[in-house]
Amino acid sequence: MEGVDWPGNPIKAQVENEGRCKEPVKRIHIEIYENGREKAEYHLGSLRYKYYIPFSKKTIDGILEKTGTDKNRIIYYGNFTGGPNANIPTFRTNGLTYEQL
């Protein structure tokens, strides 16, 4: 997939499968001139994965049915955050089953 950013520079994104693509990493670079004025501009870096399927059991069931995949052969991951409780750390686990979704 190809496109352009706001000033018209070409951007390439690679769509590999449903729900995941690669997007460019943007960083803001601030240049300070001799008179003290600042100019901010984006610098594009490497590509990173972006996941865009909104989570719901119905969505997961639809993908499994469409691809003919056995739900028990998939490794399910979960990302959990402490939310408003700062004492609970953020963690990721792959020990989930389909029934736990």
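Results, tabulated for the structure shown:
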item	result
Cut-off 14 Å between beta-carbons: net charge of the residues surrounding Glu31, Lys and Arg +1, Asp and Glu -1	0
Karplus-derived HN-Hα couplings along region 44-55 (A = 6.51, B = -1.76, C = 1.60, θ = phi - 60°), whole Hz, x at Gly and Pro	8, x, 6, 9, 9, 6, 10, 10, 10, 8, x, 6
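Since every read-out is calculated from the coordinates, none of them should be taken as a lab result. As the structure is a prediction and not an experimental result, all values here were calculated from the model. With ideal geometry, Cβ positions are generated from the backbone for all residues, glycine too; neighbour counts draw on all protein chains shown.
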